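**Student:** Could you have a look at this structure, given as structure tokens, before my questions?
Each value in this text was obtained by applying a stated rule to the coordinates, not by laboratory testing. Values in this document were obtained by computation on a predicted structure and should not be read as measured data. Here Cβ is always computed from backbone atoms with ideal geometry, including for glycine, and neighbour counts include all displayed protein chains.
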Amino acid sequence: MNEDWALYEVFIRARSGLEHKHVGSLHAADARMALEHARDTYTRRQEGVSIWVVRSSDIVASDPQEAEALFEPARDKVYRHPTFYSIPEDVKNI
Amino acid sequence: MITAADCTAGAVSAEERFRYLLRLADTSLVLGQRLSGWVGHAPTLEEDLALGNITLDLIGQARLLLAYAGQVEGRGRDEDQLAFLRDAPEFFNVTLAEQPNGDFGQTIVRQALLDAWQVELYHSLIGSTDEQLANIAAKAMKECRYHWRFSCGWLVRLGDGTEESHARVQAALDGLWRFTGELLTPDALDAHMASHGIAPPLAVIRSRWEARVTAALEEATLRQPPPAYFPWLGKRGVHSEHLGQLLTEMQHLQRLHPGATW
């Protein structure tokens, strides 16, 4: 059966105000079923308040072969990290 | 058995309230036990989890209702004793709930017909004059709305699917339809509960159920079977052999080792 069913990626928002995070994938016949499967598979322990699903084939991904060109140039630019600031105690979720 | 004559008296007796609560509780319990038979056997992992979730919702509803029924009865029986130590004639679930799983299509048809009923029934029970029942209904209604979304979705997929899936769910519908009369036709106890505002009049549930189910069957391109006369059986404690087999499995441990815990 699964050869007929598309693969979907699932993103869950844990609480209002937080971002949706990728939690996994599943098979479904269409978007509606993908949402229901996501609900039943990934929110059984109150993990979320919102679900996004997207067909895996619709995701444009970077090529692992190009990883060096894409990511290594950032390695020696430590000054881009905001590690020289102190974060106020009231600011959560950073 | 409670007769019409018993129910004409003014107040609702503890026995009558207990009996009515068991109709609701046992329907959820027996349907949940039936569905649990799919765990590990569903067509896909995702459907396995979905059916397992619905099972747990139903058993959760049964626990709340049985615990309350035990209080109303006043003989010190808790939800476990009521679930595991009663015999088939003491169960008052509607007959549709105990019908076998059959193939996936038959399970979906049984589920959709009962989900549509539970959604409407619990929705109305939120306004019950019985406050504790109203609270349980408020929780159960949310669960049942999702159950209906699931079963109705599959009903449409299978009905409006391939030639084979259509033929299978149509056959299941034709086979199970005769049990729907019991859901929608009040007997004396139903009428008595309705007259005290504890339960809604089943005539109201009937019209809402028919609207919901007719629309779903149309979308699923399924033929609605003609109305069939069916007497009250399950909710009067008269069951098919299917319930006895189901209880044998469900109650096996407690019958063999009474009071066993884990």
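**Student:** Check cross-link reach from residue B:142 to the aspartates and glutamates: straight Cα distance under 13 Å, and skip same-chain residues fewer than eight apart.
**Tutor:** B:57, B:115, B:120
**Student:** Taking only the alpha carbons of the stretch B:95-232, what extent do you get along each of the three principal axes, in Å, biggest first?
**Tutor:** Cα extents, longest axis first: 48, 31, 25 Å.
**Student:** Check the straight Cα-Cα distances from residue A:92 and name the lysines below 19 Å, setting aside those fewer than 8 residues away within the same chain.
**Tutor:** A:21
**Student:** Rounded to the nearest 10 degrees, what's the angle between the helix A:31-42 long axis and the longest principal axis of chain A, both from Cα atoms, 0 to 90?
**Tutor:** Taking the Cα atoms of chain A, the angle to A:31-42 is about 70 degrees.
**Student:** Another question, if that's okay. Roughly what would the spin-label model give for residue B:223 and residue A:84, points 7 Å off Cα along C-beta, in nm?
**Tutor:** Result: 8.1 nm between the two label points.
**Student:** Once you charge only the Cβ atoms, +1 for Lys and Arg and -1 for Asp and Glu, what is the size of the charge dipole of the stretch B:1-97 about its Cα centre, to the nearest 20 debye?
**Tutor:** Using only the charged Cβ atoms, the result is roughly 220 debye.
**Student:** Turning to a different aspect of this structure: Where the Cα atoms of chain B are projected onto their three principal axes, how long is each span, largest first, in whole Å?
**Tutor:** Sorted from largest, the Cα extents of chain B read 53, 43, 31 Å.
**Student:** Still on this structure: Treating the beta-carbon of each Lys and Arg as +1 and of each Asp and Glu as -1, no other charges, what is the dipole magnitude of the stretch B:94-167 about its Cα centre, to the nearest 20 debye?
**Tutor:** Numbers: 6 positive and 10 negative charges, 52 e Å.
In total the dipole reaches around 260 debye.
**Student:** With a Förster radius of 41 Å, plug the Cβ-Cβ distance of residue B:204 and residue B:248 into 1/(1 + (r/R0)^6) and report the FRET value to the nearest 0.05. Mind showing how you got there, number by number?
**Tutor:** Working: r = 37 Å, r/R0 = 0.90.
The computed FRET efficiency comes out at 0.65.
**Student:** On a 0 to 90° scale, report how tilted helix B:14-36 is relative to the longest principal axis of chain B, with both axes built from alpha carbons and the result rounded to the nearest 10.
**Tutor:** So the helix axis and the longest Cα principal axis differ by about 30 degrees.
**Student:** Measure off 7 Å from each Cα along the Cα-to-Cβ vector at residue A:63 and residue B:185, then give the distance between these two points in nanometres to one decimal.
**Tutor:** 7.1
**Student:** Pop the C-beta distance of residue B:103 and residue B:233 into the FRET formula with R0 = 25 Å and round what comes out to the nearest 0.05.
**Tutor:** Rounded to the nearest 0.05, the efficiency is 0.55.
**Student:** Within the P(r) computed for the protein assembly as shown, what percentage of the Cα pairs occupies the region above 35 Å?
**Tutor:** When every Cα pair of the protein assembly as shown is considered, 35 percent fall beyond 35 Å.
**Student:** While we're on this one: Using the Karplus curve 6.51 cos²θ - 1.76 cosθ + 1.60 with θ = phi - 60°, what ³J(HN,Hα) values do you get for each residue of the stretch B:173-188, in whole Hz, with x for Gly and Pro?
**Tutor:** With the stated coefficients, the stretch B:173-188 comes to 4, 4, x, 9, 4, 5, 7, 7, x, 5, 5, 10, 10, x, 9, 4 Hz.
**Student:** Any chance you could tell me what percent of the C-alpha pair distances in the stretch A:1-59 go past 13 Å?
**Tutor:** That fraction is 55 percent.
**Student:** Using a Cα-Cα cut-off of under 18 Å, which aspartates and glutamates could be cross-linked to residue A:77, ignoring same-chain neighbours fewer than 8 residues away?
**Tutor:** By straight Cα distance, residue A:77 reaches A:68.
**Student:** Picking from B:84, B:172, B:252, whose Cα lies most toward the positive end of the charge dipole for the protein assembly as shown (charges on Cβ: Lys, Arg +1; Asp, Glu -1)?
**Tutor:** B:84
**Student:** What's the local net charge at residue B:150, with K and R +1, D and E -1, over the other residues with C-beta under 9 Å away?
**Tutor:** In short, -2.
**Student:** Given Cβ point charges of +1 (Lys, Arg) and -1 (Asp, Glu) and nothing else, what value in debye, to the nearest 20, does the dipole of the protein assembly as shown about its Cα centre take?
**Tutor:** Once rounded to the nearest 20, the dipole reads 800 debye.
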